[in-house]
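The values are calculated or read from the model by the stated rules, or taken from the named source; none is laboratory data. Fair warning: this is a prediction, and the values are worked out from it, not measured in the lab. Cβ placement follows ideal geometry from the backbone for every residue including glycine, while neighbour counts extend to all protein chains displayed.
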Amino acid sequence: MNVLEVQGLTKRYPAFTLNGVSFDVPQGAVMGFIGRNGAGKSTTLKSILGMVHPDAGAVKVFGMDYAENERAIRRELGVVLGGIDFYPKKKIKTITDVTRRFYNNWDEEKYRHYLELFRIDESKRVDQLSSGMKVKYMIALALSHNARLLILDEPTSGLDPVSRDELLDIFRDTVANGERSILFSTHIISDLEKCADLITYIHNGKILTSTDRDTFTDAYRKVTGGKEELTDAVKESAIGLREQSFGFEAMMKTEDAMASGLAAEPIGMEDIMVHIEREGRE
């Protein structure tokens, strides 16, 4: 069962187009949404949530059309799009008191647990929190009403390594029973390697791939060779080719790498992204 189905989302701007974005998030999965800055990650998430009105496309959440059932769906969503920037002079406790009224499934014990875990002082005002603490607070709210789907934009950005690791453990625990799902965008690829089941990669407003993590990494190989091995055929299939004084290195699709006869080795997600963005192609 898919908790989120995105079909053909398109949004045209003068200098950028989100072009036919489609992917699904299954129940019980953590999906990492990756792409370089400006690729369309935030525009996609905001289009899913109705904060940007797309020119075309459809979004279903829990099997329901989002536009037609937004109020009911929002009660089952946990959303973090950056830190908290509203009511800067309000105390955290005041904001929480207002927020909890909107959710029938609010879990006060769980909320207190996250306050303690994240070391959040409810007596502080919003403008007294660091950017990282603001994100932690928003995540605490999102996790405290037993949302069935969490949609998070760069949730680990600005967090120290220990806090990031704690949060990734929370993500895994959140989906462990198979009833909840997470979609989160990030530029910190190591986070995905720790907790993501699925990867959706957006490049220049288009989805390059949406698949499980192992299939994504297995699709490519890093190849190296001497100058005499850099033939026209190799150049044609090479992705992100970098020539050096003693030879070259590049990435190829696995089938091309095996057929080339070049020295080939597995390649990680971060290096895959670097090579694709360097080349500007799939």
Considering residues of the stretch 158-184 that are assigned to a loop (DSSP other than H, G, I, E, B) and hydrophobic (A, V, I, L, M, F, W, C) only, the residue farthest from the chain's Cα centre (by Cα): ALA176
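Quick grid of which residues meet (1) at pLDDT 95 or above; (2) out of contact with any helix residue (DSSP H, G or I) (no Cβ under 6 Å at 6 or more places or on another chain); (3) not hydroxyl-bearing (Ser, Thr, Tyr):
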position	(1), (2), (3)
GLN7	yes, yes, yes
ALA15	no, yes, yes
ASP24	yes, yes, yes
GLY28	yes, no, yes
MET31	yes, yes, yes
GLY38	no, yes, yes
SER42	no, yes, no
VAL52	no, no, yes
ALA56	yes, yes, yes
GLY226 vs. criteria of a type outside the set (A, V, I, L, M, F, W, C) and touching an Asp or Glu at 6+ places or on another chain (Cβ under 8 Å): no
Residues of the stretch 199-252 that turn out to be more than 29 Å from LEU45 (Cα to Cα) and not aliphatic (A, V, I, L, M), as a count: 21
Qualifying residue in the stretch 85-98 (condition: closer than 20 Å to GLY28 by Cα and among the β-branched types (Val, Ile, Thr)): no
Subset of the stretch 238-258 (residues that are touching a Lys or Arg at 6+ places or on another chain (Cβ under 7 Å) and small (Gly, Ala, Ser)): GLY240, GLY247, ALA250, ALA257
Every residue from the stretch 244-268 that is at pLDDT below 95 and within 32 Å of the chain's Cα centre (by Cα): GLY268
Tally of residues being surrounded by fewer than 21 Cβ atoms within 10 Å (Cβ to Cβ), of a type in the set (Lys, Arg) and without any contact (Cβ under 8 Å) to a residue 40 or more places away in the chain across the stretch 136-176: 1
Residue check, GLY205 over 28 Å from ARG172 (Cβ atoms), surrounded by 15 or more Cβ atoms within 10 Å (Cβ to Cβ) and touching a Gly at 6+ places or on another chain (Cβ under 6 Å): yes
Residue count, the stretch 238-279 (criterion: touching a residue at least 12 places away in the same chain (Cβ under 8 Å) and surrounded by fewer than 18 Cβ atoms within 10 Å (Cβ to Cβ)): 18
Scope the stretch 100-120; condition farther than 20 Å from ILE170 by Cα and surrounded by 15 or more Cβ atoms within 10 Å (Cβ to Cβ); matching residues: ARG100, TYR103
Residue count, the stretch 215-230 (criterion: more than 17 Å from MET251 (Cβ to Cβ) and either without any contact (Cβ under 8 Å) to a residue 12 or more places away in the chain or in the same structural domain as ARG36 (by TED's automatic domain parsing) (or both)): 1
